[in-house]
Amino acid sequence: MNLERVSNEDKLELCRKYYLGGFALLPFLWLVNVLWFFREAFVVPPYGEQALIRRYVRRSAVGLSLWVLALGAWVGVFQTQRARWGGWGDLLAFTLPLGTP
């Protein structure tokens, strides 16, 4: 979709939908929102809906950053502690590394 052909009200509505969609455990929508609307929020000359679009883009960036940090922390903990968790750690693993015979 070319955002230059869309009205400012429709841009705001689409940005809002992506922002709210990120709360449905879909942080990829926040990434799309930040990448797609960054120019509209911070680069183009000011217009009426820009303040709200800027707010949604900033909040999407914060939400995405928190999600990435939490996922990174989980991956780090899981990779370093899975063996200590015994059977429970094995249940959480998709694949189990084979040991040497």
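At a Förster distance of 35 Å, what's the computed FRET efficiency of residue 47 paired with residue 25, Cβ-Cβ distance as r, to 0.05? Computed FRET efficiency for residue 47 and residue 25: 0.60.
Residue-wise HN-Hα couplings along the stretch 15-22, as the Karplus relation 6.51 cos²θ - 1.76 cosθ + 1.60 with θ = phi - 60° gives them from phi, are 4, 5, 5, 5, 4, 5, x, x Hz; Gly and Pro carry x.
Exposure check, 1.4 Å probe, all protein chains in place: residue 68 carries approximately 90 Å² of accessible surface.
Give, rounded to the nearest 20 debye, the magnitude of the charge dipole that the chain has about its Cα centre when Lys and Arg contribute +1 at Cβ and Asp and Glu contribute -1 at Cβ.
Working: 11 positive and 7 negative charges, 49 e Å.
My answer is approximately 240 debye.
Short-range pairs are left out: with C-alpha atoms under 8 Å and at least six residues apart, the relative contact order of the chain is 23 percent.
Couplings for the stretch 59-64, taken from phi via the Karplus curve 6.51 cos²θ - 1.76 cosθ + 1.60 with θ = phi - 60°, read 5, 5, 5, 5, x, 5 Hz in order; Gly and Pro are left as x. At the residue level, residue 78 shows approximately 30 square angstrom of accessible surface with a 1.4 angstrom probe and all protein chains present. Within the listed set 69, 29, 12, the residue fluctuating most in the Gaussian network model of the chain (springs between alpha-carbon atoms under 10 angstrom) is 69. Taking Cα atoms only, the orientation of helix 27-42 departs from the longest principal axis of the chain by about 30 degrees. Surface calculation, 1.4 Å probe, protein heavy atoms: residue 85 sits at approximately 70 Å² accessible. At q = 0.24 Å⁻¹ the log10 of I(q)/I(0) for the stretch 23-68 amounts to -0.77, computed by Debye summation with a single uniform scatterer per C-alpha, solvent ignored. With no solvent and one point on each alpha carbon, what is the Debye value of log10 I(q)/I(0) for the chain at q = 0.18 Å⁻¹? With one equal scatterer per Cα and no solvent, log10 I(q)/I(0) is -0.81.
If the viscosity is 1.567 mPa s and the temperature 4 °C, what Stokes-Einstein diffusion coefficient in µm²/s follows for the stretch 58-101 when Rh is the Kirkwood radius over Cα pairs? Once the numbers are plugged in, D ends up at 105 µm²/s.
The values are calculated or read from the model by the stated rules, or taken from the named source; none is laboratory data. Just so we're clear, the structure is a prediction, and the values are computed from it rather than from any experiment. Please note: Cβ atoms are built from the backbone with ideal geometry, for glycine as well, and neighbour counts cover all protein chains shown. These accessible areas exclude ligands, DNA and RNA; they are computed on the full protein's heavy atoms, side chains included. Shrake-Rupley method; radii C 1.70, N 1.55, O 1.52, S 1.80 Å.
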